[in-house]
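Everything below concerns the one structure shown next.
The values are calculated or read from the model by the stated rules, or taken from the named source; none is laboratory data. Computed from a predicted structure; not experimentally measured. So basically every Cβ, Gly included, is an ideal-geometry build from the backbone, and we count neighbours across all protein chains shown. Remember, those area values only see protein heavy atoms, side chains included, never the ligands or the DNA or RNA. Shrake-Rupley method; radii C 1.70, N 1.55, O 1.52, S 1.80 Å.
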Amino acid sequence: MRVNRRANDFAAVSEQARLQGLVEQERQARRRAETLAETRLQDVYAKQKQIELLNTIASTANQSDSIAHVLRSALAAIGQYLDWPVGHAYLTRHDENSDYRELNPTGIWHLAATEPFTEFRENTDNMPFASGHGLPGRVLAHGEPAWIEDLAADDNFPRAPQAAASGLRSGFAFPVMVGQEVACVLEFFAAEPTATDPDLLWLMWQIGVQLGRVIERNRHEEHLLHNASHDQLTGLPNRRLFHDRLAHAIARATREPFNLFAVLFVDIDRFKVVNDSLGHPAGDELLVRVGRRLLNALRQNDTVSRPKGDEANRPDDTLARLGGDEFTILLEGLHEPVDALRVAERLQAVLHEPFTIAGQDIYVTVSIGIATRPYGQSCPARETNAADDPARPATPDDLMREADMAMYRAKSLGKARCEFCDPGMQTQALQSLALETDLRHAVERGDFIVHFQPIVSLGEDCITGFEGLVRWQRNGALVAPDDFIPIAEDTGQIHLIDMQVLYTACCQLVQWGIDHPEMPLTISTNLSARQLTRPGLVDEVQTILAGTGVPASQVRLEITETATLGNLDELIETLHQLKALGISLAMDDFGTGYSSLSYLHRLPLDILKIDRSFVSGLDHDEYSQRLVQTVIHMARNLGLEAVAEGVESHTHAATLRALGCTLAQGYYYSPPVDAANATALLSGDVLVGCR
């Protein structure tokens, strides 16, 4: 009995163990099935996401009207799919004369946020990649995707320092293929080191092929549009495109009445001789090469003054070939008519060197006609009929006809010259150009003189200093500063003039200090607004102070309010550096157009100069008195000294004294005089206002 019971117990335990084993097997099988199902579900989900990504890119790309929009859309879609913070696109550039290729940054980005990627972005935007160089260069070299698991450890990733500073740790790039050509490269970066994912690279390859088809289609469409609007021989815009751009220029001038533009009609002199002697193929080659020289001259043109502050919005100049040996040029955003003449003469200059064609040196000259005016002004020489309305807006045909007429006048006057449609404008432009040429020579020779106007203490009726003012003696006559200072600024000569004036004024102050040691005078000179953004200004001022031995504390530099229209932070930094030399700073012509308390307290100034337009009304205008009094009180509250300009009468001086102004200058005391007469003012009681 006992044996049977034990046997039964053993059998029961065995059966229980067997049943438990079956249960465990079933549980494991169920787990495997669930895991497999979950994996398959994840795979299905991943495939679905991949399909959605491909569909999104395909749909957006097919609706895009430009390659830039295609790339921007693709970067956004892939960046969102990966959840990687940074993506960027490059375009391939081919050298027309060799097999050299490189990738140029496009400025097209996917960024999860602006920070902390600024340093990496700025570095990338300025770095092209040759084949094999860096991550994108590897893709260009092999036409295949590339992956970097750790950017910091890769010896062929030149942006590693900027990537580390921006928190980027890994990245990959893949090509966009057009046939066998790498048309562009897209790269993406993650904030963590990431292992190579072959499946992801395969997906990106498929996207690259898909984008390549779209880019190829867009290229074909752009090629068709280009052919329809460009000359087939030279590749320049044709008559149709030029006419369209000229119409836009006229419309632009309608909105901006002070906008000045010009049409130049350029005709090659004696071109028929080339065709007749060397044949039409040689003539065609000459046209292509003349067009190339003219285009390069326009792109490198730095002789044209432009309205300040509008450089970024100004359209590019347009060079077109109308047919035969005729070219037209549209210049926009000019400052004055003489600018068109400067460009025309530059174009003639670049054609002085001969062209070698078919083994023959060919010298080319051109006759140029110019039609330039603000919107609504007509050329006096324009042919009209009784039905014409003289006040009607100009049309593209009007302007092209006027420039053509001026070109034929240039031909009739001997060829190889420029003529305006308006003879009066021609004379004015030539005079202005001659003045500019003489000004350049005067700067080179140092032909400027300095006149000095005394600055007087209203309380003590004595001279405390002088302002040094530049004068130009041209052909025996003095040229008014208003006639040559704007030209000096536009042509970049102003900094040489300013430094010459400062040097001369400092030397004179040192001499006065020797002759009149009992009179610690100050000397003031002007700095052009353009000076303040020029590298080396502070060093040049320091060199002049050291070279002349003038005490820096007796030197005052004056700036105008227009200087604050640029980069204010850069201006403030420059002014602080000048102050560190020990000189004083004055705001000239205060209150004439750009005054703002929001910036005034930030500038390290010592003096406010009250403009003469306010002072002139002191003897008859109560409003002027209140205005001047306000400026004086404001200067005092800011810890600045007030100097009144344009004092013309005893009433002006007495009123300023009563209002609490301490210093003044003007014709009531003395006009600007040469150094000898200024010295005489110090030697005797000859100031009118102090008699």
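Qualifying GluC sites (Glu not before Pro) in the range 423-514, where qualification requires a DSSP coil assignment and no more than 10 other C-beta atoms within 10 Å, comprise Glu460. The base-10 log of I(q)/I(0) for the range 98-145, evaluated at q = 0.13, 0.21, 0.25, 0.28 Å⁻¹, reads -0.36, -0.79, -0.95, -1.04 [Debye formula, identical scatterers on Cα atoms, solvent excluded].
So who's got an amide H within less than 5 Å of the one on Leu322, skipping anything under 5 residues away but keeping other chains? H placed 1.01 Å off N, in plane. Answer set, sorted by chain and number: Phe327, Thr328. Of interest is the spacing of the C-alpha centroids, which for the range 615-636 and the range 80-133 amounts to 59 Å. Exposure check, 1.4 Å probe, all protein chains in place: Asp515 carries approximately 80 Å² of accessible surface. Residue ranges 412-421, 399-408 sort as 399-408, 412-421 when ordered by packing (mean number of other C-beta atoms within 10 Å per residue, highest first).
Here the label points at Val510 and Ala195, each 7 Å from Cα along the C-beta direction, are separated by 7.7 nm in the simple model. Among the protein heavy atoms, those of Ile514 account for about 110 Å² of accessible surface (1.4 Å probe, every chain in place). The order of the peptides 495-505, 672-682 by mean Cβ neighbours within 10 Å, most packed first, is 495-505, 672-682. Placing a pseudo-label 7 Å from each Cα along the Cα-to-Cβ vector at His280 and Thr118 gives an inter-label distance of 6.1 nm. Stokes-Einstein diffusion of the range 417-534 at 20 °C, 1.002 mPa s viscosity, Kirkwood radius from Cα pairs, rounded to a whole number: 131 µm²/s. Distances between placed amide hydrogens fall under 5 Å for Glu558 paired with Thr525, Asn526, Leu527, Ala586, all partners being 5 or more residues away or on another chain. Relative contact order of the range 422-521, taken over Cα pairs closer than 8 Å and 6 or more residues apart, is 25 percent.
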